[in-house]
1. Could you list all residues from region 120-174 that are in contact (Cβ under 8 Å) with a residue 60 or more places away in the chain and of a type in the set (D, E, K, R)?
2. Got a sec? Which of Glu359, Glu405 is within 29 Å of Pro341 (Cα to Cα), out of contact with any Pro (no Cβ under 7 Å at 6 or more places or on another chain), outside the structural domain of Gln213 (by TED's automatic domain parsing) and not in a loop (DSSP other than H, G, I, E, B)?
3. Being hydroxyl-bearing (Ser, Thr, Tyr) and more than 17 Å from Pro159 (Cβ to Cβ) is the filter; apply it to region 121-141 and report the residue that is farthest from the chain's Cα centre (by Cα).
4. Can you name every residue in region 439-461 that is surrounded by 14 or more Cβ atoms within 10 Å (Cβ to Cβ) and more than 27 Å from Asp219 (Cβ to Cβ)?
5. What's the number of the condition Tyr235 fails, among (1) of a type outside the set (Asp, Glu); (2) over 24 Å from Ile172 (Cα atoms); (3) not assigned by TED's automatic domain parsing to the domain that holds Pro448?
6. Out of the residues in region 1-53 meeting the condition of being in contact (Cβ under 8 Å) with a residue 60 or more places away in the chain and not in a helix (DSSP H, G or I), tell me which one is farthest from Phe128 (Cα to Cα).
7. For region 85-194, please list each of the helices (runs of 4 or more DSSP H) lying entirely inside it that holds at least 2 residues being closer than 25 Å to Ser4 by Cβ.
8. Within region 253-267, take every residue that is within 20 Å of Arg280 (Cα to Cα) and surrounded by fewer than 23 Cβ atoms within 10 Å (Cβ to Cβ) and give me the one that is nearest to the chain's Cα centre (by Cα).
Amino acid sequence: MVFSSAVFMFVFLPICLIGYYLMPKLVAKNIFLLIMSLLFYGYGEPKFLYIMLLSVLINWLIGLAINQFRTRTILPKALLAFMVVYNIGILFVYKYLNSIISNVNSIFDTDWPHPTLFLPIGISFFTFQAMSYVIDVYRGVAPVQKNFFNTALYICLFPPLIAGPIVRYTSIMDQLTDRKFRFDDFSCGIKRFIIGLSKKLIIANLIAVVVDQAYSASDVGSLSILMAWFGAFAYLIQLYFDFSGYSDMAIGLSRMFGFKLNENFNYPYISKSIVEYWSRWHISLSTWFRDYLYFPVFRTLQSRKNPLTGKRFSIRTCDFTALFVVWICCGTWHGAGIKYPLFGLYWFVFIVIERLVEEHLKKRRKQLKLQKKKSSAGIRALQHVYTIFVVLIGQVIFRANGLREAVRYLLVMFGVSGSATAVFDEKTLFLIQDNWVLLIIAVIACCPVLKVLEKRFTGNAAIALELVGNLLLMILFLVCVSYTVNNSYNPFIYFNF
């Protein structure tokens, strides 16, 4: 079931809201919401329910055991290690095993049997949530949750279940046992849901037509240079509005039930560096890897000696090694196939370059005794262009159907493909002419225009702005309803991860 479907908006959600608010006590509300979350997840593939529920049960039991034997020396660490192996093992079996066997059979001309395993939807997200809970209990950051149903609700809560945000237990644990209805929260949740729905149906789905024509061409080499660039740029728009649209809907729906989730996007395309970009894009994932992988690897290296020199590892070595591990894992998290770890390696290289450049500039300022000055408008513009260019190239690797296709697509973009590539063609010009208004709206929506207006308008002007905004949301919702009724099934991109 997807948020942008008629079944969800006009059947599931009304039943869920009415039933939830008819329940007299919070315990009953939680149980009802858990049941509805399981129905939501099992609507498409009921057979995957047992995988998620088994994950909830095992991680809950491990959390209890770690808390029970906290005073022991080795047992908590052994339990934590078992938890990591179990969760990563589940991801490996369902997400990567088929691909690995296929590649082995292809490379070594073997005939290993293929297991018939399908990827359980949302497994990457609920597995990371479960892991973060157990790790936080082990670290003493969060108290153990003794109520199984509360643990299950935390992991299975349907708004963020399929494609995030990845919710930390520490950010939601108090809300599991203490939530009150507030009309402002409910109203805010509805508005946020409509914004996300509009991002998905009005922008992401429409621009997907351009993306599919570019990336799904039978022969990538037949594309014109302009079409290759236009398709790559269109995919930046599609991916952002598809994924951030889902996050907006998940945050809005959670708000309707009294849960306040952390933001997952913060206008990433206004970034002036790749480091800043990843602090604004898929925030819940980047901070998860930072807290649960980068810091442990960094601290482990910092406490060890280099076996070759017998000296402590330098801060830079610890930093770059931890970054390498994080980005290879982050790339691999997105899917099976060689292009995904290379996708992670791509970001690692640019982040390291930026850190080295920043370190060099810092030394130069120190040598010359200069204070760091605010960059001029021209420098900031160049930084924006550089960031968007690097992101665009990286997303070509992400979107292309395999590494070979990604290389061919990039060669076409830069006019160095083996065939005689045209600079532009009539089909591309028609697509640009047909979508230029949508693209302008999308580019404006990528910037915090409304936030700036809200700060500048006060008094009656602010009230008028709010009224106009509410009216616009009503119009957008009606447009979305028409698309929902008329369009066929169109899942979110991150359902695949």
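1. Scanning region 120-174 gives Lys146, Arg168.
2. Just one listed residue meets the conditions, Glu359.
3. Tyr138
4. Passing the criteria: Ala442, Ala445, Cys446, Glu454, Phe457.
5. (3)
6. Ser5
7. Answer list for region 85-194: 123-139, 148-156, 158-161.
8. Phe265
The values are calculated or read from the model by the stated rules, or taken from the named source; none is laboratory data. These figures come from a predicted structure and were not determined experimentally. We place every Cβ from the backbone using ideal geometry, glycine too, and count neighbours over all the protein chains shown.
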